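The values are calculated or read from the model by the stated rules, or taken from the named source; none is laboratory data. Since this is a predicted model, take the numbers as computed values, not measurements. Cβ: placed from backbone, ideal geometry, glycine included. Neighbour counts: every protein chain shown.
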Amino acid sequence: MSKARTGAALAAALAVLGAWHLVLRGHGRGVPLITDEGEYAVAARVWAEGGLPYRDAFSQKPPTALLIYRAAAALSRAPEAPRALAALAVLLTMLALFLAAPRGWTAAGRLAGPAAYAALSTLPIGDYGFPANTEIFLNLFAALSALAALSGAPLLAGLAAGAALTTKQTALWTVLGFGALSALTPRGFDRRRALRYAAGAALIPAAWAAYFASRGAFGAYWSSAWAGNARYAAVLARTGALDGQLRWFAVILLPQFLLFGAPALALAVWSLRGRRAGSGRPVETMAVVWFATAVAGALTGLFLFPHYFVQAAPGLALGAACGVERLAASRRRLAAVAAASLALWPAVAAPGRIFASSARARALVLLYPNPLFETKLLGEEIARRAAPGDALHVFGSEGALFVYSGLRPATPHTLCYALTLFPQDAAGWQGEMARLSSAPPRFVVYSTQPLSTMTASTLGLDYRDAMRELLDKRYRYEGFVRVTPSPAMPVFESAAAGTRPAYDEEDRLLLFVRR
């Protein structure tokens, strides 16, 4: 086959894999924004309207992630617009994985990385596979860094690595790992290559620091995205809740990852059997370092939410590609079957989670008791009642309420867990209550779901009690939405006149309107 025909065939195969990824990603179709998406979306909107993230809208993610959300909002007003950019990021990552494979490899080996990542990036496990989470964008920058490192361009590798770090902090381990690989040559450590990588890696973080400093908000940026995030990462160890989290991971989450990742894991292990990593095997070495550092990033803080592990997918996909190529050396047809299985396996293993026609059913299987449809319903209910200039406050983690209601946040704390889960001192919640008391918003939503409020400190309890006191004094209780596992869509239940709010009944979103 001529080079032109071979290139056309590979391009067609990549297009098919890209389309297949979009099919797999479709298990999120019709599912409202999750908690993290709401957090990023409202911070990006505040930024677009002249405010600043961190100072005027809480977020603990670095600014590159919020910039992507701002770009999505500029392209479309649809709440789910960031998911389109997430899908695009996956497709570009697939292309980078294809380019990372040496041109001398077989077609099966070159296509195996994109095939594996098409599936591994969208596994139907909790919040892993369809939201526009930061890990999806981190993976694109990490893939570009890996490609540059394999191509002998340490400055570009560092630049992309710095972009990954300012998308999510847990990219730090991969940044360090890629830096080591960029500086190593067959002759040993190359100091100049290391310095070029370091210079590239520092550029984007330094630019963001300069931007917030020029806007007079460096302190807020540092305390939210870096120092505050470090406190968040230490919560489990500090509160003694680590044992329960590890048991949940071992019993519920890890078996699912092993099930869906079995073909890729088997091929990645096969690629290394009887071999040593090193400068003589740059792709295999890159795959090992990438996967190991990404897993280290996912385990940082040991919260172990499903979407944290998305960042391990491209390294595993590259390792699986190495396994397919090794298999192709003796059994080309089997290698082609193996490459195809990498893309098809999740759909074979759990078709009901991916192809169920009801978005409500898929959301319940993946994310109950997260109040996704309930949040959307209540946000739209607030929008019907609202007037221009109205503001909203949420005691909970349902940042998507701001998106679906269209209202501005009453305080920078669009989510409460920074004040309930890892508060630095009492001044945080006291300042919050002072702002709410001096300029009470028209609407307040109070979540009674423990996973939403995440009250795990005495300071958090103080904030909760002060919030209840304010609501009882200055607000009228309007009704609530129940969070249930019922396949029926939720409804807003109006409260009868004089009814007391059920603060202690879990799994409700309570609506209050200022008197």
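Quick rundown of the values:
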| read-out | value |
| --- | --- |
| Unmet requirement for W105, which otherwise passes all of (1) part of a helix (DSSP H, G or I); (2) surrounded by fewer than 22 Cβ atoms within 10 Å (Cβ to Cβ); (3) hydrophobic (A, V, I, L, M, F, W, C) | (1) |
| Residue within the stretch 486-502 that is more than 18 Å from E374 (Cα to Cα), in the same structural domain as L377 (by TED's automatic domain parsing) and either touching a strand residue (DSSP E or B) at 6+ places or on another chain (Cβ under 6 Å) or among the charged types (D, E, K, R) (or both) present | yes |
| Matching entry among A65, A57, A107 (being farther than 30 Å from L253 by Cα and in contact with a Ser or Thr (Cβ under 7 Å, 6 or more places away or on another chain)) | A57 |
| Segments classed as strands (runs of 3 or more DSSP E), wholly inside the stretch 387-490, with at least 3 members that are touching a residue at least 60 places away in the same chain (Cβ under 8 Å) and not aromatic (F, W, Y) | 443-447 |
| Residue count, the stretch 491-514 (criterion: among the basic types (K, R) and farther than 20 Å from Y463 by Cβ) | 1 |
| Members of the stretch 460-477 that are surrounded by 20 or more Cβ atoms within 10 Å (Cβ to Cβ) and either in contact with a Ser or Thr (Cβ under 9 Å, 6 or more places away or on another chain) or within 16 Å of S397 (Cα to Cα) (or both) | G460, Y463, M467, Y477 |
| A383 more than 24 Å from the chain's Cα centre (by Cα), farther than 21 Å from A78 by Cα, surrounded by fewer than 24 Cβ atoms within 10 Å (Cβ to Cβ) and of a type in the set (G, A, S) | no |
| Residue in the stretch 186-207 that is at pLDDT 95 or above and closer than 30 Å to Y368 by Cβ present | no |
| Enumeration of residues in the stretch 1-52 that are of a type in the set (F, W, Y) and within 27 Å of P351 (Cβ to Cβ) | W20 |
| Selection from the stretch 491-504 of residues that are over 30 Å from the mean Cα position of the chain (by Cα) and either modelled with pLDDT under 95 or part of a loop (DSSP other than H, G, I, E, B) (or both) | A495, A496, A497, G498, T499, R500, P501, A502, Y503, D504 |
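Residues are listed down the side, and each one gets a yes or a no for (1) farther than 26 Å from W248 by Cα; (2) in contact with a Pro (Cβ under 6 Å, 6 or more places away or on another chain); (3) among the basic types (K, R):
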| site | (1), (2), (3) |
| --- | --- |
| V295 | no, no, no |
| F305 | no, no, no |
| P314 | no, no, no |
| C322 | yes, no, no |
| L327 | yes, no, no |
| L342 | yes, yes, no |
| W345 | no, yes, no |
| G352 | no, no, no |
| R362 | no, no, yes |
